[in-house]
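**Q** Pasting a structure here, questions to come.
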Amino acid sequence: MKGDRVEIVVDAGDTTRTYEVVAGRAGRRVETAVRRGVVEVSEVTRNGSVVRTARFMANRVLALVEQPVPRGEEGDGE
């Protein structure tokens, strides 16, 4: 969905750095996965094709914040 985004806070030695991966177009989403000590955050199209991927060492990641797009009120779309 347009507006889905993930913020990643990484330990960079004496400071921290914040990265964002945003679903830039309608129909795209952001997926996260932790595999073999690596955190992967990918922007994916509707059919599952990966557009771009950000990879971070899991032991350096301090926070992973997933922020979905606001969907409106509970009764919308039913």
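**Q** Show me, for segment 17-31, the HN-Hα J-couplings you get by feeding each phi into the Karplus relation (A = 6.51, B = -1.76, C = 1.60, θ = phi - 60°), rounded to Hz, glycine and proline as x.
**A** Karplus values, whole Hz, x for Gly and Pro: 10, 10, 10, 10, 10, 10, 6, x, 10, 4, x, 9, 9, 10, 10.
**Q** Also, I was wondering about something else. Along the charge dipole of the chain, pointing to its positive end and built from +1/-1 on Cβ of Lys, Arg, Asp and Glu, which listed residue (Ala23, Phe56, Ile8) has its Cα farthest out?
**A** Value: Phe56.
**Q** Another one. Please calculate how many Å² of accessible area the chain carries per residue, with a 1.4 Å probe and no DNA, RNA or ligand atoms counted.
**A** Per residue, the chain has an accessible area of 73 Å².
**Q** Rounded, prolate or oblate: which one fits the chain, using the alpha carbon gyration tensor with axes a ≥ b ≥ c (rounded when a/c is under 1.5, else prolate when a/b beats b/c, else oblate)?
**A** Prolate, since a/c reaches 1.5 and a/b exceeds b/c.
**Q** Take Glu20 and Thr45, extend 7 Å from each Cα along the Cα→Cβ direction, and tell me the distance between the two endpoints in nm.
**A** Each label point is offset 7 Å from its Cα along the Cβ direction, giving 2.5 nm.
**Q** For the chain, give the magnitude of the charge dipole about the Cα centre (Cβ charges: +1 Lys/Arg, -1 Asp/Glu; no others), in debye to the nearest 20.
**A** Computed about the Cα centre, the dipole is about 520 debye.
**Q** Between Ala54 and Glu66, 0.36 nm times their residue separation minus their Cα-Cα distance comes to what?
**A** Full-extension gain reported as 2.9 nm.
**Q** Given a 10 angstrom Cα cut-off, can you work out which residue in Arg46, Arg36, Arg28 is the most mobile in a GNM of the chain?
**A** Arg36
The values are calculated or read from the model by the stated rules, or taken from the named source; none is laboratory data. All values reported here derive from a predicted model rather than from experimental measurement. Counting neighbours? That spans all protein chains shown, and the Cβs are built from the backbone with ideal geometry, glycine included. Each accessible area value is taken on the protein alone, full model and side chains, heavy atoms only, with ligands, DNA and RNA left out. Shrake-Rupley method; radii C 1.70, N 1.55, O 1.52, S 1.80 Å.
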